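Sharing a structure below in structure tokens format, with a few things to ask.
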Amino acid sequence: MILNYIISAFKHLWKNRFFTLINLIGLSIALFIAYNALVYILFQFSFNKHHEKIDDIYLVESYLTDFQMSRSRVAYKVAQTLCDEFPEIETATKYSFLKSVKVEHNNEVFNAKEFYAVDENILDVFSIPLLTQNAQEVLLSDKSSILISEEMAKKYFGDKNPVGEALKVNAKNGQLVFIIQAVFKDTPLNSTFRPSYMVNQENAFNFYERYSDEKDKQDIMDNWTRRDWFTYILLSPNADIDNLSSKLEGFLSRVAGTELKIELKIHSYKELYIDYYMDFEVLYVLLILALLVIFVASANYIILNSALSINRNKEIGIRKVMGAKPIDIKKQFLGESIILSLLALPISILLFKIFLPDITSLLKIPLDFVNLYFYNYFPYFLLLSIVIGLLSGIYVSYKLSNILVVDVLKVRYKKLSSKSVFRKSLIIFQLCIVISLLIILFAIRLQLNYSQEKDMGFDKDDIIILNLPRGSGNTQAFLDGILANPNVRKAALAMDGPPTNSSMSFMVPRFDQPEEEILLEAMGVDHGFLEVFDFKLIEGRYFSKEFTSDKNAVLLNQTAVESLGLTDPLGKKVIGKEVIGIIKDFHFHSMHREIPALVIKLGTKKYLSEIAIKHEPNSQADIIDDAKKQWEQTGKVGNLSVRTFDETLSQ
């Protein structure tokens, strides 16, 4: 019986191959878009699920009571203190991400990404399997020990067992030698904690300038308000979360012996990515787009098959005379719909594979992740194809299975009439969806044009941004080479120029109400940077090399002047520096965010890792090529990242 249905379905599809082709194209496109949405959803909701104890892992956060905002890092002592004070906490671990680390091996120097200082409990909390290790030692108990990932082991040592081998690492006071204790399995791409190197926590003090001496180091270890460490706790399986949260209220002030404006909060690690990193706007747009396209394809199938229904009246009548029940007819037509959907499956997968690099770039999904787990997704693709086939065939199967034999014999039954309200509604709704999608595309285009043409408060035309690798040191010679290019009008260094997602920040008391503090963001620049973007001066002056005192000077934007309650700002001291100028408000971050209260100061040379270049029109390609060549000639480690200002705005 089933074989007969299948043969009949293929005969019908072949007989009406033109209509079959139209349906096949529609369903293939619908499935292709649905697969994109599905992969994005599966990727987003898969984060951190590989940790065996994820249900009991919680991030400890600092909650700033004055500003009612949470921050992900806490003080050094919090991890051990929580373990000592609360029996429901089985263990705790902490880590600090170390930037601009360089590893030397076989006389080659490499930029070390994902380099972490961690404590000994890290593997008790997170599921990071070890591949090889020195069984005689307690991991990370020695300050000179290091754990490296499988990828790094292959990079430096090939197939050789690296345990016991040495790695040289450049630190602030010279070179450190670490002995490899173990190799751990590479952490999945869908993880918020993906270390490549792990060293003992004490090594954090060897890499940051702010840990300048033993006194400062001791202050960091003892000070409850110095927030430098990501800290996680592992709770016992039956721990009462609400009870623990209530006990944490006022905890820091009690142990510190003084009132602090910081509270400790705990956040489920299982929900961390969803709450802090997931882009729900993209998720909703993809879901809506997929549902609309699926509806259009399904409606198209219904309309075309309804139009063909007159040709199948006799077939249905004969089947019923031969004893077929309505349920059998329904199965036949649903089977045809599912078969057509399954025929669209390989076409849609082919489209998905062809456009995969563009899809992953657009949706910000690692290409390696999709390739690695592609075959794991196939059951979902298959199930989705069957569901779409069912949805497409339900109406037609229901309508045709209810044909009466007597109507067929009397030639009373007509094809699903052109007067059918349902068919007309489908056609109208299809048109509405298509028009809506066109309007959305037009609106997106207008939004992109708006973002590129809107006045951001500075001159953004003919500007190239060069991002230098962190830790490149003094790059003045490289900048001088850039300025020597005749097509370069101006160029200057900064830590993070606009628009940026990050910034330094300070809590500063208002001048008119000292008991009230405001959040003041900071931008570190070099001489000439403000002139590159032509920021508008309201009063005062820019930084100038003629004034050596400018190292102790700042400029404020209009929002900062208002927020600080200043009426005559020039000459006043803000963050311990003299205000020498006021500039017009500009979009320091995205245009979707409010303009912050901003202080601009001269940054430390070695931390200035971004160069903004104002160039002559139509000379962009020449300048980029020249910059890359000059960077190679410097012999510095790392690649030069180049982007135009329009590319920055469109991100």
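Quick one: check the C-alpha center-to-center distance for region 522-540 versus region 264-300, whole angstrom.
40
Do any GluC sites (Glu not before Pro) in region 512-543 lie in a loop, going by DSSP, with at most 16 other beta-carbon atoms within 10 Å of their beta carbon, and if so which?
Passing sites in region 512-543 are Glu515, Glu516.
Run through region 4-81 and list the chymotrypsin sites (Phe, Trp or Tyr not before Pro) located in a DSSP loop whose Cβ has at most 14 other Cβ atoms within 10 Å.
Phe45, Phe67
At a Förster radius of 35 Å, what calculated FRET efficiency corresponds to the Cβ-Cβ distance of Asp222 and Leu131, to the nearest 0.05?
Calculated transfer efficiency: 0.40.
What's the lysine pair count for region 550-646 at a Cα cut-off below 13 Å, pairs eight or more apart or interchain?
Close lysine pairs under the 13 Å cut-off: 6.
Something else: Just to be sure I understand: if I project the alpha-carbon convex hull of region 518-629 onto a plane and average over all orientations, what area do I get in nm²? Walk me through the intermediate numbers first.
On the way: hull surface 35.2 nm².
Quarter of the Cα hull surface area: 8.8 nm².
For the pair Asn487/Ile538, report the inter-label distance in nm, with labels modelled 7 Å from Cα in the Cβ direction.
Result for the modelled spin labels: 3.8 nm.
Now for a different question. Identify the chymotrypsin sites (Phe, Trp or Tyr not before Pro) of region 537-616 meeting these criteria: DSSP loop state and at most 13 other C-beta atoms within 10 Å of the C-beta.
Taking region 537-616 and a limit of 13 other Cβ atoms within 10 Å, the loop chymotrypsin sites (Phe, Trp or Tyr not before Pro) found are Phe547.
Each residue of region 622-633 in order: what ³J(HN,Hα) in whole Hz does its phi give by Karplus 6.51 cos²θ - 1.76 cosθ + 1.60, θ = phi - 60°, with x for Gly and Pro?
So the J values, rounded to whole Hz, are 4, 5, 4, 4, 5, 5, 5, 5, 5, 5, 4, 6.
Now for a separate question. Calculate the radius of gyration of the Cα atoms of region 188-301 to one decimal place, then report Dmax, the largest Cα-Cα distance, as a whole number, both in Å.
Answer for region 188-301, Rg first and Dmax second: 22.5, 75 Å.
Every number in this text was worked out from the coordinates using simple rules, so none of it is lab data. From a predicted model like this one, the values you see are computed outputs, not experimental measurements. Neighbour counts are summed over all protein chains in view; Cβ atoms, including those assigned to glycine, are modelled from backbone coordinates with ideal geometry.
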